[in-house]
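The structure appears below as C-alpha cells.
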Amino acid sequence: MSETFLEVRNLVKIFGKLTAVDNVSFKVEQGEVVTLLGPSGCGKTTTLRMVAGFEKPNAGEVEIAGRVVVSTNRRIQVPPERRDIGMVFQSYAIWPHMTVFENVAFPLKVRHANRQEIKERVEKTLDLVGLANFSDRPAILLSGGQQQRVSLARALVYSPSILLLDEPLSNLDAKLREQMRIELKRLQQQLGFTVLFVTHDQIEAMSLSTRLAVMNQGHIEQLGPPQEVYERPQTPFVEDFLGRILRFRGTVTERQSNYQVVEFDGVKNVQVRVSDGAEQAAVGKKVLVAIRPEDVRVERDHAPGRGNIIPCDVENVLHLGREYELVLRVADRVCTITVPRESGSKVGQTIGLYLPAEHLRVWAATAALEETGTEQTTRAGSAARDFRAG
Ligand SMILES: Nc1ncnc2c1ncn2[C@@H]1O[C@H](COP(=O)(O)OP(=O)(O)O)[C@@H](O)[C@H]1O
Ligand SMILES: [Mg+2]
C-alpha cells in the first residue's frame with residue numbers, strides 16, 4: 001500500500017502584483033519521485049521553498065508525514081529545521097572552508113548526534129555518493145560534480161523523510177550532468193527515499209520521475225506518470241513543453257463519431273482519430289493540428305488524394321553526422337525534421353509527409369498558440385525505411 005508522504009493543498013504565493021504560485025495542489029507517495037517541471041519563472045522554486053519552510057504562503061497547507069507544517073487558516077508555520085526534510089540546491093551551498101567530512105557532519109551536529117554516530121553515518125553516506133576517499137579534503141578543492149555530491153550527502157546523512165532537490169544538476173556540464181542523473185536514479189532506487197524534484201530539463205524529469213507535474217505560470221497544467229503526460233498531453237502547453245511537436249493551422253471540415261476531418265495548408269481531407277467521448281471542435285472552426293515528430297513518416301509518394309500525406313519541398317539538407325536535418329517547406333511555412341542518413345533526400349525534391357490519423361491531435365486555435373505555429377523543428381520516426389520502400 002502506498003502512503004501519502006507529502007501533501008500540498010491549494011498553495012498560493014503572491015509577490016506584489018505577481019501570483020507566482022497559483023493554487024497548487026499535489027501529493028507525493030512514500031518512495032515516489034515527483035517532479036515539478038516547467039519553464040523558468042513558472043513557480044517551481046517558490047513551491048519548493050514553501051514546502052521547505054523558507055517561504056511563507058499567502059494561502060494553503062503543507063502536510064509532511066501526517067503532520068501539518070504550514071497552514072494559513074490554522075496559523076501553523078513550522079520552521080525549516082523542524083520539518084525533517086533534506087534539501088539540495090542548484091548552487092551546492094556547501095561551506096568551502098570546511099572539509100568534506102565537516103560539511104556532511106554539520107546537520108548531525110545541529111541535531112546533537114554523538115561522535116561515534118556522526119562518524120559512522122558520515123562515512124556511510126560519503127561511501128554512498130562515491131566520496132569515501134575525500135573525507136579530509138577542503139570542500140573548496142573539489143570539482144563541481146564532487147561539490148554537488150557533498151551537498152547530496154549532507155542532505156541524506158540524517159535520513160530525512162523527504163528530499164527536496166532544486167535543479168541540483170543544472171550547474172554541471174553536460175557529461176557530468178548525465179552521469180549524476182544516472183547516479184541519482186541508482187541511489188534513489190537503492191535507498192527508496194521520497195523526492196520532490198524541481199527541474200526545467202525534460203530529460204531529467206522524464207527519466208527520474210515516478211510522476212511529473214508540468215507547471216505553467218504558477219499552476220499545474222498536468223500531473224501524471226512521464227509516459228502518460230508525454231503521450232496524452234491535456235493542453236497544448238504540455239504538448240509543446242514535453243518533447244518536440246509539429247503544428248499546422250487548419251479548419252475542421254467534417255465530424256464523425258470516432259474521427260474528424262481537417263484541412264490545412266491547402267491539404268484537404270486529413271483524418272484525425274478521436275478517442276471515445278473526447279470533445280470535438282465544430283465544423284468550420286479554426287484549429288491547430290499537432291503531431292509528435294517521431295510519429296511522422298517521410299514518403300516518396302506525395303500524390304494528392306492519398307490519405308494524410310502532405311507534399312513538402314525539401315529546401316535544405318543539413319548533415320549532422322549520424323543523421324540529416326531536412327528543412328521542409330509546407331505551403332507558407334518551414335519546418336525541420338531529422339531523418340536517418342540513408343534517407344537520400346535531395347534539395348529541390350518533393351516528398352510526402354505522412355501523418356497517421358491515430359497520432360494527430362486537434363486543439364482549438366487561440367491567438368497565443370497561432371504565434372508559435374510558424375517555424376518548427378521535429379524528428380521523423382521510421383523515415384529511412386519508408387524512403388527505401390518507396
Ligand atoms: N522573492 C521574490 N520577490 C519577488 N518575486 C519573486 C521572488 N521570488 C520569485 N519571484 C518571482 O516569482 C516567479 C516564480 O519564480 P520561481 O519560483 O523562482 O520560478 P522557477 O523556479 O520556476 O524558475 C518569477 O516570476 C520570479 O521572478
Ligand atoms: Mg527555480
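Just a few scattered comments:
- Only listed residue being without any contact (Cβ under 8 Å) to a residue 24 or more places away in the chain and within 28 Å of Thr338 (Cα to Cα), chosen from Phe264, Phe248, Phe237, Phe241: Phe237
- Segment 21-36: number of residues that are away from ligand 1 (no atom under 11 Å from the Cβ) and open to solvent by 50 Å² or more (accessible area, probe 1.4 Å): 4
- Pairs linking a residue in segment 166-182 that is without any contact (Cβ under 8 Å) to a residue 60 or more places away in the chain to a residue that is in a strand (DSSP E or B) and of a type in the set (Val, Ile, Thr), with Cβ atoms under 8 Å and 6 or more positions apart or on different chains, are Leu169/Thr199.
- Filtered residues of segment 1-30 (kept if within 19 Å of the chain's Cα centre (by Cα) and polar (S, T, N, Q)): Ser25
- Taken residue by residue, segment 147-169 has at least one member that is away from ligand 1 (no atom under 16 Å from the Cβ), on the phi > 0 side of the Ramachandran plot and assigned by TED's automatic domain parsing to the domain that holds Phe15.
- Which listed residue, of Gly16, Gly43, is near ligand 1 (Cβ under 9 Å from one of its atoms), of a type outside the set (Lys, Arg) and free of Cβ contacts under 8 Å to residues at least 60 places away in the same chain: Gly16
- Residues that are part of a loop (DSSP other than H, G, I, E, B), touching a Pro at 6+ places or on another chain (Cβ under 8 Å) and of a type outside the set (A, V, I, L, M) were ranked within segment 86-119; the one that is farthest from ligand 2 (Cβ to nearest atom) is His97.
- Look at (1) within 30 Å of Gln190 (Cβ to Cβ); (2) within 22 Å of the chain's Cα centre (by Cα) and you find that Gly41 fails only one, number (1).
- His219 touching a residue at least 24 places away in the same chain (Cβ under 8 Å), open to solvent by 70 Å² or more (accessible area, probe 1.4 Å) and more than 24 Å from Val330 (Cα to Cα): no
- Where Leu208 falls short, out of the listed (1) open to solvent by less than 30 Å² (accessible area, probe 1.4 Å); (2) not assigned by TED's automatic domain parsing to the domain that holds Met50: (2)
- Any hit, segment 175-196, residues being surrounded by 18 or more Cβ atoms within 10 Å (Cβ to Cβ) and either within 16 Å of ligand 1 (Cβ to nearest atom) or not assigned by TED's automatic domain parsing to the domain that holds Ile64 (or both): yes
- Among residues of segment 158-183 being touching a strand residue (DSSP E or B) at 6+ places or on another chain (Cβ under 8 Å) and more than 27 Å from Gly218 (Cα to Cα), the one that is farthest from ligand 2 (Cβ to nearest atom) is Tyr158.
- If you go through segment 37-85 and keep only what is farther than 26 Å from Ala153 by Cα, open to solvent by less than 60 Å² (accessible area, probe 1.4 Å) and within 11 Å of ligand 2 (Cβ to nearest atom), you end up with Gly38, Pro39, Cys42, Gly43.
- Those residues of segment 91-138 which are open to solvent by 70 Å² or more (accessible area, probe 1.4 Å) and touching a Ser or Thr at 6+ places or on another chain (Cβ under 7 Å), in sequence order: Asp136, Arg137
- Residue satisfying all of: in segment 228-271; at pLDDT 90 or above and aromatic (Phe, Trp, Tyr); nearest to the chain's Cα centre (by Cα) among these: Phe241
The values are calculated or read from the model by the stated rules, or taken from the named source; none is laboratory data. What you see is a predicted model; the values in this text were computed from it and never measured. Positions of Cβ are generated from backbone atoms using ideal geometry, with glycine treated the same way; all protein chains shown enter the neighbour counts. Please note that ligands, DNA and RNA were not included when accessible areas were found on the heavy atoms of the full protein model with its side chains. Shrake-Rupley method; radii C 1.70, N 1.55, O 1.52, S 1.80 Å.
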